[in-house]
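Chemist: Please read through the structure below; I'll follow up with questions.
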Amino acid sequence: MVITAYDEVTGQIKYIWSKSGDSIGEVPDPYVIGEYDGNTTYISDGKPVERLESNAVINETTILADSTDTAIISNIHNPSTVIVDNGQSWVVTDGVFEFTIDLARVYEITIKSVPYLDKVFTVTAIDAVLK
């Protein structure tokens, strides 16, 4: 038997557990029978539901690496977690994330918020002389 455990408040899938036989024993979290992918599915009222497209948008994908020029991501669901390069993260509750940087390179910004699909933006920060 395979189960998918989830967060009771958000519906976010936490883990998938498999056990032979008809009994699963004690499970510390709410669960549904079956295997569901947390990247595309969440649980609502005890049923698997496809995650929705995010409406988040970005105003600029190329900025100056001058700690002043800003890429603004808006229409972010409340609350969301914004992760830059799979590292530093912030919880956004006002629907907007402003990104400035002083190091020229390419950055990946990921917006995570159940019940929405993760949305990834690529921002290129360039030296001022190149723009």
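Chemist: Can you tell which of ASN39, ASN78 is in contact (Cβ under 8 Å) with a residue 40 or more places away in the chain, assigned to a loop (DSSP other than H, G, I, E, B) and more than 16 Å from THR122 (Cβ to Cβ)?
Modeler: ASN39
Chemist: Another question, if that's okay. Given the criterion under 30 Å from THR41 (Cβ atoms) and β-branched (Val, Ile, Thr), identify the matching residue among ILE111, ILE63, ILE101.
Modeler: After applying the criteria, what remains is ILE111.
Chemist: Can I ask one more? Looking only at segment 90-117, which residues are closer than 28 Å to ALA128 by Cβ and exposed (fewer than 14 other Cβ atoms within 10 Å of the Cβ)?
Modeler: TRP90, VAL96, GLU98, ASP102, LEU103, ARG105, VAL106, GLU108
Chemist: Please enumerate the residues belonging to segment 81-131 that are more than 24 Å from VAL49 (Cβ to Cβ), of a type in the set (Val, Ile, Thr) and in a strand (DSSP E or B).
Modeler: Within segment 81-131, VAL84, VAL106, ILE109, THR122, VAL123, THR124, ILE126 meet the criteria.
Chemist: VAL49 is checked against (1) over 21 Å from the mean Cα position of the chain (by Cα); (2) over 30 Å from VAL129 (Cβ atoms) and fails just one. What number does that condition carry?
Modeler: Of everything listed in (1) over 21 Å from the mean Cα position of the chain (by Cα); (2) over 30 Å from VAL129 (Cβ atoms), VAL49 misses just condition (1).
Chemist: While we're looking at this one, here's another question. Those residues that are under 22 Å from ASP118 (Cα atoms) and in a loop (DSSP other than H, G, I, E, B), I need them from segment 8-36; list them, please.
Modeler: Passing the criteria: GLU8, VAL9, THR10, GLY11, GLN12, GLU35, TYR36.
Chemist: Criterion first (in contact (Cβ under 8 Å) with a residue 12 or more places away in the chain and either in contact with a Ser or Thr (Cβ under 6 Å, 6 or more places away or on another chain) or over 26 Å from PHE121 (Cα atoms) (or both)) does GLY46 satisfy it?
Modeler: yes
None of the figures in this text is laboratory data; all of them are computed from the coordinates on show. Small disclaimer: the values here were computed from a predicted structure and weren't measured. FYI the Cβ positions are ideal-geometry reconstructions off the backbone, even for glycines, and counts take in every protein chain you see.
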